[in-house]
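Worksheet: the structure to be examined is printed underneath.
No lab work stands behind these numbers, since they all come straight from the coordinates. Since this is a predicted model, take the numbers as computed values, not measurements. So basically every Cβ, Gly included, is an ideal-geometry build from the backbone, and we count neighbours across all protein chains shown.
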Amino acid sequence: MNLNYEKASIELPASWKALTPVLAFAGVSCLIVGAFCFLFLAPSVEGDKTLAFRYLTHSYLANFIYILTFAIGALFFILIQFLTRAGWSSSIRRLAEIMMMMIPYLSVLFVPVLALLFVNSAELYEWNAKEAPNSVIAAKTKVFLFKEFFAIRSVLYFAIWTMIATWFFRISRAQDESGDTDLSLVRQKWAGPMIMLFALTLSFAAFDWVMSIDADWYSTIFGVYLFAGSMMAFFGMMVIISISLQNAGKMQKWITVEHFHDMGKFMFGFVMFWSYIAFSQLVLIWYANIPEETFWYDVRLKDNWQYLSYGLIAFHFAIPFLGLISRHVRRHRTGLLFWSIWILVAHWLDMTFLILPNAGPATTFPLIGHLFGGVGMLCIFAALFILRASGVPLVAMRDPRLPEAMKYANPIL
Amino acid sequence: MNRVNMATVASNFNPREIDNTADIPGRRAQLVTGNQTYSSITNMVCRVAEDPQPLLWYVLFGFSSLTAVMFLSLIGYLILNGVGIWGNMNPVFWAWPIVNFVFWVGIAHAGTLISAILFLFRQNWRTSINRASEAMTIFAVVCAGIYPGIHVGRAWLAFWLLPYPSLNLWMWPQFRSPLLWDVFAVGTYASTSLVFWYMGMIPDIATYRDRSKSPLRRMVYGLLCLGWTGSSRHWLVYEKAYTLLAALAAPLVLSVHTVVSFDFAVSQVAGWHTTIFPPYFVAGAIFSGFAMVVTLLVPSRAIYKLENLITLRHLENMNKIILATGTLVGLAYATEAYIAWYSMNQYEGFTFLNRQFGPYWWAYWTMVSCNVISPQLFWFKKLRTSLFWMVVICVFVNIGMWFERFVITVTSLSRDFLPSSWGYFRPTMYDGLMLFGSFGIFMSLYLLFCRFLPIIAMSEVKGILSIANHEAHAHDESHGQAH
Amino acid sequence: MSEHKPRKSNEVKMPKAFGWMAEYADEQNLLVAARKVRDSGYTQTDAFTPFPVHGIDEALGIKPTILPFIVLCAGFTGLITALLMQWWTNGVDYKYIISGKPFGITPASIPVAFELTILFSAFTTFLGMIFLNKLPRFSNPVFTNPRFDRATDDRFFLYVNAADKYYNRESVKELLAGTHPDSLDEVLDDSTPSTLPRPIVLGALLLVLTGLIPAMIVLNMRASFSTLPRLHVFFDMDFQPKKKAQQTTTVFADGRSMRPQVKGTVGRGQLTEQDPFYLGYDPSKLSADDAFTNVKYVSANASQDPASKDPASTAVPATPAQTAPPQGAATPAPVLNLPWVDKLPASIVEEGNIEANMKLGKLKFETYCAACHGYGGFGDGLVHKRADALAQGYWLPPTSMHIDRVRAQPVGQIFHTITKGQGKMSSYASSLNPAERWAVVLYVKALQRSRNANIEDVPVDSRSALDNELNAEPTK
């Protein structure tokens, strides 16, 4: 297998680097426009002033979690590739590594959420109110849900993820220099314990950051739910980045149709896995019909949110399921790109579904503001990705399993 | 190449000297050891059914078939006398038989998981172990299916579970009941697994047919393999069908234990109604199934001298999956307990304290030590590559997984919302004997399978060997030259 | 091409030839040979290998299969079948409410829908593979070559079928020989008889027929009714080792399975058995003669159809003086003659309680009695009015409490009527406890008195008000 390459072909396109300030500017302006929609347009046109700030906080969290899940998905992807000694992914692994290295950057965007707690606002997290809304929440605020502990936990999650990501990235970069195969072995060895740590922290982060918005509500599957959506969105993002790079004339040799096929399969698989988890959560709560749990769905099935909730069945499951079922689509770059974009939108709708209905009814201007926020966050994500990827070769050139990634072929399916 | 010579070469080779568990990145370790050829693989596998069975086989089969006969007689006794011979009582109406059902259904997950999901993930090491695991799946489903069948009270009317138009009943089954979902899930799983297993065996049965000396064997195997020739046109459709079945069986295998978990989780019983049950049950099922596969394969490969095909690497990989799923199960236990506390729901909170420190504390701590702690020993490579220790740990895992179902079923029911109806379940002698007896059925079927059917998917192992040879050729840059 | 035909007719005695079969030791040689054969233009070719050789489809020019599409269709069929089945059986044909769940398609329909989708797809996959490969095919000319046994072991065969339109016996042989096969044989017709041996046919037939038996039994059960008591294969709980009332036993010397009460013991509830408060009559005054009358009364009640019974004939007054059998009755109806209590119990009427009891009696009367007897006790309650309006002919009007016969009844008898029921009126003992029943009696007596009161019954200081009222009404 010929592994010769031109150095420029595995670097970020120069045009992209030039785009960074534009993207950053666009991102920030979108956020500002979004905030304007929430704080000024929504109250002045739709009248309800008390909800304006509430919408803003919920929308910010939803959009933040949205872009964070790409990085979380990337982190899990790296861990599982080493855990299973995978060879096929060697040539696309660096892209995921760069994405996982965005966790420390993204953690800065969580500061506003913590700040909100420390100015004693209960707009986002109802348990932060001076007087807890009910006795159950009051009991929780005594032992678990109080701002200091919440902040410590949040910092801990980011710290653990950053630690894992940085360690893996450093070794990966070191291997670029030395080509030492032991560096693959050491990552392989530690992937197991790290994945345990990851699973634990992701579960608790999901409980803390998203589930505790409804401090009354609880669902043990919630961490898995967020994980399923994250992985699906991560593969969508990978496909989009890969195709964009190839369109810019980079990575042509390193990302083959087989890689696209595999990423497509994973996307398809996680569409099904998300549906499985979402259905499991729904049917158990629907069937048992206990008011302590059903109210969470009730909120999402009224005030126009029902269109989103029912829409997810089609948008997040049925349509992409049928779209990705054919191997011809999964091996077709344009087809795959279309479904990746679809899936990113579906994941954004899912994050909206999880968080926004708690703010209030679905009305026009808050939704427009939320949309601007989402676009803004994506722009910021893109800018940060370019920033992080600058100066880093986009392929781990001296990975011992690279030849395997270049010559494997998908059997039948 | 002379067949007899190859066989001698294969059997003279001492596989214990080869350790293929170490993996240098960039160079995959051999999946089958001992410089195998296509014909040596055929010899090694066919020998199992062609040679006279070792004495041990007769001893084991005698013992297990007697146990199976005892089990069947007990079923007769049960039908004549009613379920009162069991320890089921108020409020523990679902007791030992349901525990056994879930236990066996869980075991039944490994086979299809290995043949379907590992296939989709291109895990080539599955080829040596998938056949035996699939067989084990079918036999475990048989054991599992018996329990709900005899638990319905009037076992001879169990066909009422099926939606058939009846003039006498004027009724349909209740499709909104998770117990009926179970009928469909387990029924679909059993039949699809059977088809998957049988279809996978067709080419290998053809090999058995072509090597048969006696006309009877030739005819029976010939009928079973449907006249398979190995035509490439057939192989093409066959491979497509196999892949499709794998793609269908993968979600199916997840759905089965999910539906079993629904039996518990859609209720309002504290300790049952928790949303993580579906994935957690599936992880537990894979966990117990793999443990059972390892428990069976270690002696099988020793008895039939298959160490070159079922290598230490295969076993180590399975142990790693046991470690992963065991840890997942532990995570699920922790999540459940944490949410029980976090929810501040007094019933949930009580249930978990009751599990840990109530009258069934011994069951809970057996479960935790067997399921969560014992597989952690597999972090040590020494232990996960030691035949003795892996069997010990896997037996513990199976004990632990039985206790998990016991803990879930019995502790929650014995102390439910109404303290005046609390009770303490005690199994009767029949409960114990019928659990033991089901192992007799399971082992008898497995031993018969070893005796008559190909226990390793020869054609798949050869396919993997072909790829390996091809890569080796490519490495030597001798590719393209004939010979 | 066309040459082989005359050649074949020249070799009549030779078995029919189906083509050439070349043998190779490994798959690389096979692939090389296959490409060569394909490039020569042959399409009726095949390779026989012990495992699927990758690249052979391209080397032989085999087209992809349509199996996935068939399976997709089957999957949809399964999905729709499951949804329709659940909707029809539980939402239309047999609606059965279970834990308040709605009918029709709900989240609860998804698991079965999923399973049937998989079931249909999986079986279509398997049967489709069998069908597309034209299996089972037990008699195949390729088996005639004994070397072919190794096609499922370690050998690779390439086959050019004589049905190919470019087939030429010699040129194909030459072509294959040029690929350096380990052996090259002509595939000849199988000379062994092609019919199945009779025992196998019979055995298979027997097996199929036996397999049909359960289906036939189910079919039969589905289409037939039986009025016979069911066969007791299993005894369930139908025959239990226990004694029922009025049966004999060998355990006791007197042979009776029912046991008399042990002397000197008091059963639960027995303490009240002798108390007039609970009975309405005084059992200590019960004479043998009374007992005889009561036996007659009970037997007369039992022999009469309650629906055709005139209420007056059973609700006979207690004292002989007031006995008034209905005109036209052939025999005087038996009379229930008991030593009735004729005074309300002291606890009901004592000073502090009587007002509360009157209110309680009114409440209970209006709750339980007024529906039939009417609020005023005239026997004109809503039930009666409704029944009257329907005019069905067999309705017995409830008794008015203001007829002489009832007015003459002692309080004990009214209490007894409420306790035991009378005619169509059922017992109210389960709805009203004894004290409440006495309160109702109190209220009934008050109602009766109110219809037959004279001026002395009115309190002295209210009489003038009554006079004024009467005078104010010109019609009276």
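With only Lys, Arg, Asp and Glu charged, each at its Cβ (+1 for the first two, -1 for the last two), find how big the charge dipole of chain B is about the Cα centre; round to the nearest 20 debye.
With only Lys, Arg, Asp and Glu charged at Cβ, the dipole is about 700 debye.
Quick one: 3J(HN,Hα) in Hz for the range C:414-421, Karplus 6.51/-1.76/1.60 with θ = phi - 60°, rounded, Gly and Pro as x.
Values, residue by residue: 4, 4, 5, 4, 5, 6, 9, x Hz.
For the pair residue C:471 and residue C:354, what calculated FRET efficiency results from E = 1/(1 + (r/R0)^6), where r is the Cβ-Cβ distance and R0 = 25 Å, to the nearest 0.05?
After rounding to 0.05, the efficiency reads 0.20.
Can you put C:451, C:198 in order of Cβ neighbours within 10 angstrom, beginning with the fewest?
C:198, C:451
Kirkwood hydrodynamic radius for chain B: how many Å is it when counted over pairs of different Cα atoms?
24.1
Assign unit charges at the C-beta atoms only (+1 for Lys and Arg, -1 for Asp and Glu), then state the dipole size of the range A:135-246 relative to its Cα centre in Debye, rounded to the nearest 20.
Magnitude of the dipole: close to 220 debye.
What residues have an amide H closer than 5 Å to that of residue C:188, excluding those fewer than 5 places away on the same chain, when H is modeled at 1.01 Å from N in the peptide plane?
Correct list: C:18.
Extension gain residue A:129-residue A:156, at 0.36 nm per residue separation less the Cα-Cα distance, in nm?
7.4 nm
At a 10 Å Cβ-Cβ cut-off, how would you order B:280, B:333, fewest neighbours first?
Result, fewest neighbours first: B:333, B:280.
Any idea what angle helix B:215-224 forms with the longest principal axis of chain B, computed on alpha-carbon atoms, 0 to 90 degrees, nearest 10?
Taking Cα atoms only, the helix is inclined about 60 degrees.
Can you give the FRET efficiency to the nearest 0.05 for residue C:69 and residue C:216, using r as the Cβ-Cβ distance and R₀ = 35 Å?
According to the calculation, E is roughly 0.40.
If you project the alpha carbons of the protein assembly as shown onto their three principal axes, what span does each projection cover, largest first, in Å?
Result for the protein assembly as shown: principal-axis Cα extents of 137, 90, 61 Å.
Once you keep just the Cα pairs under 8 angstrom separated by 6 or more residues, what percentage relative contact order results for the range B:274-389?
Relative CO of the range B:274-389 lands at 32 percent.
On the Cα set of the range A:284-410, report Rg and Dmax in Å, please.
When restricted to Cα atoms, the range A:284-410 yields Rg and Dmax of 20.1, 57 Å.
Say the cut-off is 21 Å between C-alpha atoms; which of B:240/C:134; B:320/B:381; A:17/A:250; B:213/C:134 go over it?
Checking Cα-Cα distances, B:213/C:134 exceed 21 Å.
Going by Cα centres, the range C:46-107 and the range B:297-373 are how many Å apart?
34
Roughly speaking, what is the centre-to-centre gap between the range C:198-245 and the range A:96-143 when only Cα atoms are used, to the nearest Å?
Each part reduced to its Cα centre gives a spacing of 67 Å.
How high is the relative contact order of the range A:28-111, given as a whole-number percent (alpha carbon pairs under 8 Å, six or more residues apart)?
For the range A:28-111, the relative contact order is 26 percent.
Kindly write out, for the range C:211-219 in residue order, the coupling ³J(HN,Hα) from the Karplus curve 6.51 cos²θ - 1.76 cosθ + 1.60 (θ = phi - 60°), rounded to whole Hz, with x marking Gly and Pro.
In residue order, the calculated couplings are x, 7, 4, x, 4, 5, 4, 4, 4 Hz.
Would you work out which of A:114, A:314, B:317 lies farthest towards the positive end of the dipole of the protein assembly as shown, given +1 charges on the beta-carbon of Lys and Arg and -1 on that of Asp and Glu, about the Cα centre?
Comparing the listed Cα positions along the dipole, B:317 ranks first.
Return a whole-number percent for the relative contact order of the range A:7-404, with Cα pairs under 8 Å and 6 or more residues apart as the contact set.
RCO, the range A:7-404: 37 percent.
Of C:23, B:307, how do they rank once you tally other Cβ atoms within 10 Å and put the fewest first?
So the residues, fewest neighbours to most, are B:307, C:23.
For the protein assembly as shown, what does -39500 (n - 2.57) per DSSP helix run (n ≥ 4), summed and divided by total residues, give at 222 nm, in deg cm²/dmol to the nearest 500?
-19000 deg cm²/dmol
With +1 on each Lys and Arg Cβ and -1 on each Asp and Glu Cβ, and nothing else charged, work out how big the dipole of chain A is about its Cα centre, in Debye to the nearest 20.
The dipole magnitude comes to about 1120 debye.
For the range C:448-473 and the range B:416-436, write down the distance between their C-alpha centroids in whole Å.
Between the Cα centres of the range C:448-473 and the range B:416-436 lies a distance of 75 Å.
Taking every pair of distinct Cα atoms and averaging 1/r, then inverting, what Kirkwood hydrodynamic radius in Å comes out for the range A:7-404?
21.9
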